[in-house]
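The values are calculated or read from the model by the stated rules, or taken from the named source; none is laboratory data. Keep in mind that what you see is a predicted model, and the values were worked out from it rather than measured. Counting neighbours? That spans all protein chains shown, and the Cβs are built from the backbone with ideal geometry, glycine included.
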Amino acid sequence: MSDCGLGGQIPNSLFNLTSLLHLDLSYNYLSAHIPAWFENVTGRLLSLDLSWNQNLGGDISFIGQRKSSLSLTRIVLSGTASKGRIPSAIWNISCLEHLRLSDTRIEGEIPASIGNLSSLQSLDLSDTRIEGGIPSAIGNALSLESLHLSYTGIEGEIPSAIGNALSLERLHLSYTGIEGEIPSAIGNVSSLKSLYLYDISIEGEFPVSILNLSKLVELDLSYNMITGVIPASLDSLSSLVSLDLNANELNGTIPSTISNLVNLRSLLLHSNSLSGLISLSVFDNLTSLDRLYLSYNQLTVNIDSTWIPQFKLSDLALGSCNLDRIPSFLVTQYGLEYLDLSANSIQTNIPSWIWSLPSLSNLNLSCNQLTGSLPSRQTLPMYFDYLDLHNNSLEGSLHLPLAGAYLLDLSMNQFNGSIPSHIGAYLENAMFLSLSRNNLSGAIPDSICTPYLQVLDLSKNTLSSVIPLHLTRNCSSLSVLDLAENHLEGKLPAEWGNITKIHTLKLNGNHLRGVIPSSISEGRSLQVLDLGNNDLEGTLPQWIGKLSQLHVLVLRSNHFHGSIPRQVIGLPNLQILDLSGNHLSGAIPSNLTNLLAIVNASQNNSNHLEDVRYTNKITISWKGWEVEFVKVLFILKCNLKLSGIPFTNISFCNNSSGYGNCTSIERIGEAKNSDGEMIGWAVGLGLSYGMGFFIVIGVLTLNKRVRKRAFDFYDVVILAIDGCIRG
């Protein structure tokens, strides 16, 4: 009765089936409290599968304690609302063969008594709240074929006893607290076919014991700290179909013996320190190759202009591979879906045939020297998921794919003209849009506000007119809005209906006037607020103190007057505060020393230029995945000794008193004029060196959980905030 669209309660009539041995109600819409339902089960039930009924749940402590559960050989509750600790009695069901509780809220540890389950063939506790270590007794589970503990709180080292589990075929421990080296005993598990140890803390050189696993089909050791070279004897893994070693610390060359892995379909080696010259023709024997990732090493990839491979790729990543042209063989890759040629030295127009590849949906040509213009809208593909052309020399008018991409980055080019008034028609699916650092002019069209848009960056253009009300009223999903360094004018919109979701709001470097509207006080998620270098006026509102998540507050170079409210200084997470270049007056708030987020006693003895890094994150949903945008702020810091308290990110320079001697100071109390009133000092910006401070915002990454499934992409948006420069 699996996947039959069943809903509601489990019918009582099932309990009359006293001869029932196997019950499978998985993938339905049932709702019930499992323990209460299980009370009524009679007979000798052998197999129970209630998985993927999301409203079916309850405490599972009954399992192993009720007579009706002692005969079970198969218990599958994955994807239900089950919770509670795994009952110790469950490890005493001697006939148990399959226990699958993944994607639930169960807790507890794996006890040593697991070694008593001589019949246990599969254990899946992935994506649960279990913790503790893997007991050495796991080696006594001689029938165990599948062990899935990924995405849990499991920690410690992989026990050497795992080498005694000679029936093991699948070992998945990814995204846990596992650390240390892979035990050499794993080479004894000759039956192993699938080994997933990605995104943990594995270290040491490539474990040569793995080379004994001749039946291994899938090997994923990515996102670890594995060092050394890729062994030339890797071809002993003759059954290998998928090899993922990306994001480690591997060096040396790619061994030519990889070409002997004739079953290989996926080869992912990007983000290491591999070096040397490699010709793609070395992979000619790999006729089944489907995915090839070599990006972001120190490789020089050579591709003969006449070479046509035997394989047909769906994914190709050759970012930062010293290419000087777009490989011509790609015209034959009709199944290509993902192409990354970023960070090379390609100096040409984008060839027209790229837009004709029928399956291409993810294209990254960023950070090259591409010239020319985008083709007409009729020539562009109907659909794109991801298009990144940032940091090139493309020019002309904006042309977008007809159906719009989920992520679209055309920043740091030379596009000109206005943003099309009907741009929203091409952004119906867009979640990320960056057109920053171009030569775009005119007004921001109302249609740019689309339902799913979460990141909008139009900074560093020459856009004019006012901020459209649609942008502040109706963009209900917006998390990042950057309109900095344009020619926008008029008052800040009084209505900010979407402010509750915005994390980053940057409007600096425009001609905005008036007061800061009180509606921004509802921005309880705001982490970055930059309204500097405008013509704003009035007093600093006390309600800024309500923005408890604020890390960065920049109001510099406006016309604010009056004193600094204590509420501003009381922000618990504030790390960057710049109020310089205004007409502020009054005493320095006495609670300044309570800015705990700015004080870092571990940096007391700093006497050289260094980076202070603050990470600001937002998460968006993209095609069913959670995508994390990590905005990393780098703040230059120099020699300052402030009685043992290095305040590194405050600037009140150049306010109304004209107190201009902004040099290093010895203690907070001395940073005032003879009347003890006027604010005119800066702390922690290295001002005795005549330096400002700079912030870099916007390294775009994926969170650990999804970066395995999504393609790699990133974006850098630079915001420079001039400090108080004094000779």
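If I go through region 324-381 residue by residue, how many of them are of a type in the set (G, A, S), under 18 Å from F415 (Cα atoms) and under 30 Å from the mean Cα position of the chain (by Cα)?
Number satisfying all stated conditions: 1.
Looking only at region 183-222, filter to residues that are of a type in the set (V, I, T) and not in a helix (DSSP H, G or I); which one of those is nearest to H148 (Cα to Cα)?
Checked region 183-222; the qualifying residue nearest to H148 (Cα to Cα) is I200.
Would you check if there is a residue in region 223-235 being in contact (Cβ under 8 Å) with a residue 24 or more places away in the chain, assigned to a loop (DSSP other than H, G, I, E, B) and more than 22 Å from S160 (Cβ to Cβ)?
Yes, the conditions are met somewhere in region 223-235.
Among the residues of region 433-458, which ones are in contact with a Gly (Cβ under 8 Å, 6 or more places away or on another chain), surrounded by 17 or more Cβ atoms within 10 Å (Cβ to Cβ) and farther than 19 Å from K501 by Cβ?
Selection gives L440, P445, S447.
For region 559-576, state whether one or more residues are in a loop (DSSP other than H, G, I, E, B), surrounded by 18 or more Cβ atoms within 10 Å (Cβ to Cβ), of a type in the set (V, I, T) and touching a strand residue (DSSP E or B) at 6+ places or on another chain (Cβ under 9 Å).
yes
Listed here are the residues, each with its yes/no results for (1) modelled with pLDDT of 95 or more; (2) under 25 Å from the mean Cα position of the chain (by Cα); (3) assigned to a strand (DSSP E or B); (4) not aliphatic (A, V, I, L, M).
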{"position": "A137", "(1), (2), (3), (4)": "no, no, no, no"}
{"position": "L142", "(1), (2), (3), (4)": "no, no, no, no"}
{"position": "L147", "(1), (2), (3), (4)": "yes, no, yes, no"}
{"position": "S150", "(1), (2), (3), (4)": "yes, yes, no, yes"}
{"position": "I158", "(1), (2), (3), (4)": "yes, no, no, no"}
{"position": "L171", "(1), (2), (3), (4)": "yes, no, yes, no"}
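Residue check: is L483 within 21 Å of the chain's Cα centre (by Cα), surrounded by 23 or more Cβ atoms within 10 Å (Cβ to Cβ) and within 23 Å of C367 (Cα to Cα)?
No; evaluated as a whole, the condition is false for this residue.
Among all residue pairs at least 6 apart or on different chains, which show Cβ distances below 6 Å where the first residue, located in region 403-432, is crowded, with 23+ Cβ neighbours inside 10 Å and the second is at pLDDT 90 or above and among the acidic types (D, E)?
Pairs found: D409/D388.
Does F15 satisfy being surrounded by fewer than 17 Cβ atoms within 10 Å (Cβ to Cβ) and either at pLDDT below 70 or touching a helix residue (DSSP H, G or I) at 6+ places or on another chain (Cβ under 6 Å) (or both)?
When the stated conditions are applied, F15 passes them.
How many residues does region 35-51 contain that are at pLDDT 65 or above and under 39 Å from the mean Cα position of the chain (by Cα)?
Adding up the residues that qualify gives 4.
Of the residues that make up region 501-519, is at least one among the aliphatic types (A, V, I, L, M), modelled with pLDDT of 90 or more and in a strand (DSSP E or B)?
yes
Would you check if there is a residue in region 164-175 being within 22 Å of T128 (Cα to Cα) and of a type in the set (S, T, Y)?
Looking through region 164-175, at least one residue is within 22 Å of T128 (Cα to Cα) and of a type in the set (S, T, Y).
So which of L433, L478, L456, L471 is assigned to a loop (DSSP other than H, G, I, E, B) and in contact with a strand residue (DSSP E or B) (Cβ under 9 Å, 6 or more places away or on another chain)?
L478 is the lone residue from the list that is assigned to a loop (DSSP other than H, G, I, E, B) and in contact with a strand residue (DSSP E or B) (Cβ under 9 Å, 6 or more places away or on another chain).
Conditions (1) of a type in the set (D, E, K, R); (2) touching a strand residue (DSSP E or B) at 6+ places or on another chain (Cβ under 8 Å), marked per residue:
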| residue | (1), (2) |
| --- | --- |
| D103 | yes, no |
| G108 | no, yes |
| D124 | yes, yes |
| D127 | yes, no |
| I130 | no, yes |
| N140 | no, no |
| S143 | no, no |
| Y151 | no, no |
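What strands (runs of 3 or more DSSP E), lying completely within region 257-352, carry at least 2 residues that are more than 15 Å from L243 (Cα to Cα) and out of contact with any Pro (no Cβ under 9 Å at 6 or more places or on another chain)?
273-279, 298-302, 338-340
Have a look at L123, L96, L117, L48 and point out the one that is crowded, with 20+ Cβ neighbours inside 10 Å and either under 20 Å from I178 (Cα atoms) or in contact with an Asp or Glu (Cβ under 6 Å, 6 or more places away or on another chain) (or both).
Result: L123 is the single residue among L123, L96, L117, L48 that is crowded, with 20+ Cβ neighbours inside 10 Å and either under 20 Å from I178 (Cα atoms) or in contact with an Asp or Glu (Cβ under 6 Å, 6 or more places away or on another chain) (or both).
Test each condition in (1) crowded, with 16+ Cβ neighbours inside 10 Å; (2) of a type in the set (V, I, T); (3) touching a Leu at 6+ places or on another chain (Cβ under 8 Å) for T472 and report the one that comes out false.
Only one criterion in (1) crowded, with 16+ Cβ neighbours inside 10 Å; (2) of a type in the set (V, I, T); (3) touching a Leu at 6+ places or on another chain (Cβ under 8 Å) is unmet by T472, namely (3).
How many of the residues in region 289-326 are farther than 17 Å from L389 by Cα, touching a residue at least 40 places away in the same chain (Cβ under 8 Å) and touching a Phe, Trp or Tyr at 6+ places or on another chain (Cβ under 9 Å)?
2
I need every pair where a residue in region 149-171 that is at positive phi has its Cβ under 6 Å from the Cβ of a residue that is in a loop (DSSP other than H, G, I, E, B) and among the hydroxyl-bearing types (S, T, Y), sequence separation at least 6 or different chains.
Listed by first residue and then by second, the contacts come to Y151/S126; Y151/Y175.
On the basis of being crowded, with 24+ Cβ neighbours inside 10 Å, at negative phi, under 28 Å from the mean Cα position of the chain (by Cα) and assigned to a loop (DSSP other than H, G, I, E, B), does L526 make the cut?
Here the answer is yes, as L526 does meet what is asked.
For residues that are surrounded by fewer than 18 Cβ atoms within 10 Å (Cβ to Cβ) and closer than 18 Å to Y29 by Cα, scanning just region 52-82, find the one that is modelled with the highest pLDDT.
The residue in question is A81.
Would you confirm whether any residue within region 111-122 is within 37 Å of the chain's Cα centre (by Cα), more than 17 Å from I138 (Cβ to Cβ) and assigned to a strand (DSSP E or B)?
no
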